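Trainee: Quick one: the structure is below, and I'll ask about it shortly.
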Amino acid sequence: MKLTDQVAIVTGASRGIGKAVALALAKEGCHIAGIGRSPESANAVAEVIRALGVNYSGYGVDVSQSAAVNACVEQVHKEFGRIDILINNAGITKDTLLIRMSDEDWNSVLQTNLTGAFNWARATGKIMMKARQGRIINVGSVIGLHGNAGQANYAAAKAGLIGLTKSVAKELASRNITCNVICPGFIQTDMTDGLPEELKTKLLETIPLKRFGQGEDIANMAVFLSSSSGSYITGQALTVDGGLFI
């Protein structure tokens, strides 16, 4: 197993991409600290992950609040004894056209998707620097590379995440810490399952591989970057989109 007895913090671990990443890391022997909006959501995957033979603890944390993040990182470090991997996956959307976008629509998305990632990277980075090793993996989006109508807030946050990734990678490289951002394309989730079939058909026509991505497609990349196999990759925005933006 690639990650036996390592410890990963996974934000947004209760469903979707976060759940897939947490499961994939656990299958490689990694213990998981799962972060959700509430203790209940954070522990939604506890049973299935523990069944893989690793330890799991769930924490309810508002990722946009630095004090709460700092306290959680201290608690995780105390409980598990180490922190090797950070998966910054927590995110929200509040889509609307620019001229209709409220201050709250803008601020809440930036605070969760960008400031949240900064909060976790800063808090865990201190521990990783002392250990002289670590992996920070941010989950971005192809929208951060290409933009999208009706998603100015989301695109700005994900574009900012790419800049944050490159800066953190340069700052922490001397301590054997890598930092990369995975940019998923159209990934099949509970939200996309509810889309009209006609819209799904049109979307599929734009994807060269002719299928929507699965959470496992992102999780496989996260495992690779977390392992020794990805030790010479840092500061990169890695697109996983089925060829959508070739």
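Trainee: Out of 235, 243, I need the residue that is part of a loop (DSSP other than H, G, I, E, B), surrounded by 14 or more Cβ atoms within 10 Å (Cβ to Cβ) and either modelled with pLDDT under 95 or not acidic (Asp, Glu) (or both). Which one?
Mentor: Within the list 235, 243, the selection yields 235.
Trainee: Can you confirm whether residue 50 is of a type in the set (Lys, Arg) and under 24 Å from residue 167 (Cα atoms)?
Mentor: no
Trainee: Please determine whether any residue of segment 216-231 is surrounded by fewer than 15 Cβ atoms within 10 Å (Cβ to Cβ) and part of a loop (DSSP other than H, G, I, E, B).
Mentor: Scanning segment 216-231, I find at least one residue that is surrounded by fewer than 15 Cβ atoms within 10 Å (Cβ to Cβ) and part of a loop (DSSP other than H, G, I, E, B), so the answer is yes.
Trainee: Considering segment 24-67 alone, what residues qualify as being assigned to a helix (DSSP H, G or I) and either of a type in the set (Val, Ile, Thr) or within 11 Å of residue 9 (Cα to Cα) (or both)?
Mentor: 25, 48, 49
Trainee: Would you please name the residue that is surrounded by the most Cβ atoms within 10 Å (Cβ to Cβ), looking only at residues in segment 193-203 that are out of contact with any Phe, Trp or Tyr (no Cβ under 7 Å at 6 or more places or on another chain) and not in a loop (DSSP other than H, G, I, E, B)?
Mentor: Ranking the qualifying residues of segment 193-203, first place goes to 200.
Trainee: Would you check which residues across segment 110-136 are among the basic types (Lys, Arg) and surrounded by fewer than 17 Cβ atoms within 10 Å (Cβ to Cβ) and list them?
Mentor: Across segment 110-136, the qualifying residues are 122, 126, 130, 132.
Trainee: Determine whether segment 45-55 contains at least one residue that is farther than 23 Å from residue 192 by Cβ, of a type in the set (Val, Ile, Thr) and over 14 Å from the mean Cα position of the chain (by Cα).
Mentor: The answer is yes, given that some residue of segment 45-55 is farther than 23 Å from residue 192 by Cβ, of a type in the set (Val, Ile, Thr) and over 14 Å from the mean Cα position of the chain (by Cα).
Trainee: I've got another one for you. Return a yes/no flag: does segment 88-95 have any residue that is over 14 Å from residue 172 (Cα atoms) and among the charged types (D, E, K, R).
Mentor: Yes: one or more hits.
Trainee: List pairs: first residue in segment 1-25 and more than 19 Å from residue 228 (Cα to Cα) and touching a residue at least 60 places away in the same chain (Cβ under 8 Å), second residue of a type in the set (D, E, K, R) and in a loop (DSSP other than H, G, I, E, B) anywhere in the structure, Cβ distance under 9 angstrom, at least six positions apart or on different chains.
Mentor: That search, which allows pairs on different chains as well, returns 12/37.
Trainee: Which condition does residue 180 not pass, out of (1) more than 28 Å from residue 122 (Cβ to Cβ); (2) modelled with pLDDT of 95 or more; (3) not in a helix (DSSP H, G or I), if it passes all the others?
Mentor: Against the list (1) more than 28 Å from residue 122 (Cβ to Cβ); (2) modelled with pLDDT of 95 or more; (3) not in a helix (DSSP H, G or I), residue 180 comes up short only on (1).
Trainee: Which ones in segment 1-44 are over 17 Å from residue 220 (Cα atoms), hydroxyl-bearing (Ser, Thr, Tyr) and surrounded by fewer than 17 Cβ atoms within 10 Å (Cβ to Cβ)?
Mentor: Within segment 1-44, just 38 meets the criteria.
Trainee: OK, next. Filter segment 129-148 down to residues that are more than 13 Å from residue 234 (Cβ to Cβ), outside any helix (DSSP H, G or I) and either at pLDDT below 95 or in contact with a helix residue (DSSP H, G or I) (Cβ under 7 Å, 6 or more places away or on another chain) (or both), then give me how many there are.
Mentor: 6
Trainee: How many residues, within segment 192-234, are within 28 Å of residue 164 (Cβ to Cβ) and without any contact (Cβ under 8 Å) to a residue 12 or more places away in the chain?
Mentor: Going through segment 192-234 one residue at a time, the tally reaches 2.
Trainee: Of a type in the set (Lys, Arg), free of Cβ contacts under 8 Å to residues at least 24 places away in the same chain and in a helix (DSSP H, G or I), is that true of residue 166?
Mentor: no
Trainee: Considering each of 134, 91, 116 in turn, give the residue that is under 27 Å from residue 224 (Cβ atoms), in contact with an Asp or Glu (Cβ under 8 Å, 6 or more places away or on another chain) and of a type in the set (Gly, Ala, Ser).
Mentor: 134
Trainee: Does residue 107 satisfy the condition of being surrounded by fewer than 22 Cβ atoms within 10 Å (Cβ to Cβ) and in a helix (DSSP H, G or I)?
Mentor: Criteria met by residue 107.
The values are calculated or read from the model by the stated rules, or taken from the named source; none is laboratory data. Given the structure is predicted, the values throughout are model-derived calculations rather than measurements. For neighbour counting, all protein chains shown are included, and Cβ atoms are generated from backbone atoms with ideal geometry for every residue, glycine included.
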